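Here is the structure we will look at, set down as structure tokens.
The values are calculated or read from the model by the stated rules, or taken from the named source; none is laboratory data. Only a predicted model underlies this, so the values are computations on that prediction, with no experimental measurement involved. All Cβ positions, even for glycine, are placed from backbone atoms using ideal geometry, and neighbour counts span all protein chains on display. Protein only, heavy atoms only, side chains kept; ligands, DNA and RNA dropped before computing areas. Shrake-Rupley method; radii C 1.70, N 1.55, O 1.52, S 1.80 Å.
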Amino acid sequence: MINVLFVCLGNICRSPLAEAIFNHQIKEKKLLDRFSSDSAGTSNYHIGSDPDSRSIVSAVAHGIPMIHKGRQFHHLDGKKFHYILAMDKNNSRDIIHELGMKHEGLFLMRDFDEQFKGADVPDPYYGNADGFENVHQILYRSIENFINFLEEKDRENAAG
Ligand code: 4NP
């Protein structure tokens, strides 16, 4: 099983949405036995909280269920997860700081976005519903590419 962790600041808007979209896509592709995901925040602001209701609405509008309780990223996550996907460069910096070492599976979410490689997933928290739909679109296409990347890696490993 390959474990993937999506990380943002609050763990109530972007990363739980990424987790929900990832889980939805691997279910559709019948890959649930090979990949699993979770999400976390670099801050302690929303530990134990449900996702932001605007994130839930943007997921459900696309037929995607979303259940998560906020938790804070911890350096031990570096041992549990093969891949850590940071939503923006601040998250990535904070992850590296918490880990205290390099992690070969650390990427920016939008390293997998052909339309704007390496950009930040914008923080929609202080915006409106349009911002959440925009984040949804960015995550949806980036995660499709990321899953293709994971499958390719899996094939390479199987081939030895
Ligand atoms: P997220 O959005 O990092 O995508 O979950 C935010 C949620 C809460 C806050 C900031 C960003 N906040 O400052 O409380």
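Some points to look at:
- Multiplying the residue separation of Asp154 and Ile2 by 0.36 nm and subtracting their alpha-carbon distance yields 53.8 nm.
- Rolled with a 1.4 Å probe across the full set of protein chains, the surface gives Arg71 an accessible area near 70 Å².
- Computed from the alpha carbon atoms alone, the convex hull of the chain holds 108 Å³ per residue.
- Accessible area of Phe22 in the full protein assembly, 1.4 Å probe (Å², nearest 10): 0
- Separation of the alpha carbons by more than 19 angstrom is noted, of Lys30/Lys153; Lys79/Lys102; Lys80/Lys102; Lys69/Lys153; Lys29/Lys153, for Lys69/Lys153.
- Per residue, the chain exposes an accessible area of 52 Å² to a 1.4 Å probe, with every protein chain left in place.
- Förster radius 35 Å - calculated FRET efficiency between Lys30 and Lys89 (Cβ-Cβ, nearest 0.05): 0.55
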